[in-house]
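Data first, discussion second: the structure below is written as structure tokens.
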Amino acid sequence: MDRELIIRSSSQAVDFALLKDGKLIELHKDEDSNNFAVGDVFIAKIRKAVPGLNAAFVNVGYEKDAFLHYHDLGPKISSLLKFTKRVSTGKLNDFSLKNYPFEKDIDKDGKIADVLKSNQSMLVQIVKEPISTKGPRISSELSIAGRYIVLVPFSDRISVSQKIEDKAEKDRLKLLVKSITPKGFGVIIRTVAEGKKVAELDKDLQNLLGRWTAMCKKLNKAHHPTKVLGELNKASSILRDIFDDSFTGIYVDDEELYIQIKDYVQSIAPKKESIVKLHQSKVPLFEKYGVERQIKTAFGKTVSMAKGAYLVIEHTEALHVIDVNSGNRSNKSNSQEDTAMEVNLISATEVARQLRLRDMGGIIVVDFIDLTNAENRRKLFNRLRDEMKDDRAKHKILPPSKFGLIQITRQRVRPEMNIKTREENPNGGNGAEVEAPIVLVEKITQQLEQLLKKDYKKVTLNTHPFIAAFLTKGFPSIRSKWFFEHKKWVKILPRDAYTYLEYHFFDKNGKEIK
């Protein structure tokens, strides 16, 4: 498995495309205007506590107040509030927590009004970015993420990622980290720490302690609200969370960003520094690596898949619905059940990819093709679960219902990635829109593959002159690629009478193939 990160920079934003074996699986955008990213820590003031919700609204500087539920306060909130007050007023200059006396833990089933008061200063961390009409969701259980560990102030717990399954390795890491963690801090050991030596872990820990100290120094005389600790830039945070030995290339088109990323990779994986490359070609970066084409074909309402199958993705305020369709696939299976199973397994892989790609969250309902065999339903459930193992967002998948529906909940911490794939209809029509031409070419190619796999000896494609020219010009042209792949020549006839996106296939007798 090869993974590549393609980073395109512009004056307004930086786009990150993660490719797995050449296929786009994640797309991120880092905009300068985003001042409320997940992981940012603010010194803020409580606007008001709402007993009915057992929550408080907090002013973090966003147009809508942030939401803080009682369960997000953390057991050590009393210690944090007292610490924040003493540091802010200059009465405490030792930020190590080594000799800091902790207050009693709050009652886990208590009331918000017993803990927080209006106009009180507190440190809060963004756990969910502003989405739609809602303000940010925040927590006062602070955590500072590093490459191998996550530092948790006001805690004494050492925990290990559940993805590390080897018990001996878990115990080794726990023992190592316990020996280097200062009093007053807890640590979560991340999956990438597996097999690492104490020197690497300690270096990461010291870096995080330095960030904690720098944040505390900002509290004295800070305005309310103020961001006192920012997440790493998007490039570094993505690499921190997903970088591993499977990466074969990181391509950047901005020199300043290239130097930053090269330095960061050098610090976390010196042997991999050479895979960071500066893109200097005249061909745009996303065009060269096929990202633009994949964005156009993957973000529409209809998503085409192998063997003619396709997904229809609908979004509502309450949930997302994904419908699986077998389409015009050629059926070589022995029965309807086998056909349904084959399409469902292809769809499970694509559904998992789409959830990551669009960063869809909340409730997702997938309507797979009905399966009567219980063993097949179990295989489908396991396939979907396996495909979603690499998904970093917290998620839960329920087994198929009697109606063939699979329900998924997926954590949403930032707005969903939504890209417009439809364009203005060149034939006119009062603002009517059509799918982009590149999407049409993908559909023609997939449909043609189905026809050429059947017994059609000669196939003629009639299409609009613009599309005909796109398919036949250049070397190798798209038509030439079809010939090299299928060993059959496709005759293409331009038809002036056709609308821009109209096309039809004909057999050797001139009869239209439906």
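The values are calculated or read from the model by the stated rules, or taken from the named source; none is laboratory data. Just so it is clear, the model here is predicted, and its values are computed rather than measured. So basically every Cβ, Gly included, is an ideal-geometry build from the backbone, and we count neighbours across all protein chains shown. These accessible areas exclude ligands, DNA and RNA; they are computed on the full protein's heavy atoms, side chains included. Shrake-Rupley method; radii C 1.70, N 1.55, O 1.52, S 1.80 Å.
The calculated 222 nm mean residue ellipticity attributable to helices in the chain amounts to -9500 deg cm²/dmol, summing -39500 (n - 2.57) over DSSP H runs of n ≥ 4 and dividing by all residues. Expressed as a fraction of 2.2 N^0.38 Å, the C-alpha radius of gyration for segment 132-258 is 1.21. Annotation for segment 163-192: trypsin sites (Lys or Arg not before Pro) lying in DSSP loop with at most 15 further Cβ atoms inside 10 Å of their Cβ are Lys163, Lys183. Can you give the direction-averaged projected area of the convex hull of the alpha-carbon atoms in segment 1-145, in nm²? If you wrap the Cα atoms of segment 1-145 in a convex hull and average its projections, you get 12.6 nm².
Over the C-alpha atoms of segment 145-204, the Rg to Rh ratio, Rh being the Kirkwood estimate, stands at 0.92. When the residues Val152, Val441 are ordered by accessible surface, computed with a 1.4 Å probe over the protein chains alone, the sequence from largest down reads Val152, Val441.
With contacts taken as Cα pairs under 8 Å and at least 6 residues apart, the chain reaches a relative contact order of 12 percent. Solvent-free Debye calculation, one equal scatterer per alpha-carbon of segment 253-364: log10 I(q)/I(0) at 0.11 Å⁻¹ equals -0.59.
Note that segment 63-72 has calculated 3J(HN,Hα) couplings of 4, 10, 4, 6, 9, 10, 7, 4, 5, 9 Hz, one per residue in order, obtained from phi through the Karplus relation 6.51 cos²θ - 1.76 cosθ + 1.60 (θ = phi - 60°); glycine and proline are x. For the pair His223 and Thr248, label points projected 7 Å from Cα toward Cβ lie 5.0 nm apart. Ordered by 1.4 Å accessible area with all protein chains kept, Phe403, Phe381, Phe286, Phe102 run largest first as Phe403, Phe102, Phe381, Phe286.
Computed from the C-alpha gyration tensor, the three semi-axes of the ellipsoid equivalent to the chain are 50, 25, 24 Å, from longest to shortest. Dipole magnitude for segment 145-266: about 840 debye, using +1 per Lys or Arg Cβ and -1 per Asp or Glu Cβ, origin at the Cα centre. Modelled spin-label separation between Phe466 and Ile131, with each label point placed 7 Å from Cα along the Cα-to-Cβ direction: 3.7 nm.
For Met341, the accessible surface of its heavy atoms amounts to roughly 20 Å² (probe 1.4 Å, protein chains only, rounded to the nearest 10). DSSP finds beta bridges in the chain, and of those with both partners inside it, around 75 percent are antiparallel. Using the Karplus relation 6.51 cos²θ - 1.76 cosθ + 1.60 with θ = phi - 60°, the per-residue 3J(HN,Hα) values for segment 367-374 come to 9, 6, 5, 4, 10, 8, 7, 4 Hz, with x marking Gly and Pro.
Taking amide hydrogens as modeled 1.01 Å from N in the peptide plane, which residues meet the under 5 Å criterion relative to Ile158, leaving out close sequence neighbours? The answer is Val187. Distance between the modelled labels on Ile513 and Lys91, one decimal in nanometres: 8.2 nm (7 Å Cα→Cβ projection). With a cut-off of 20 Å on the backbone N, the residues of segment 1-43 near the modelled label site 7 Å out from Ser281 along Cα-Cβ are 2-10, 15-25. Here the 3J(HN,Hα) profile of segment 468-473, calculated from phi with Karplus coefficients 6.51, -1.76 and 1.60 at θ = phi - 60°, is 4, 5, 4, 7, 10, 7 Hz, Gly and Pro shown as x.
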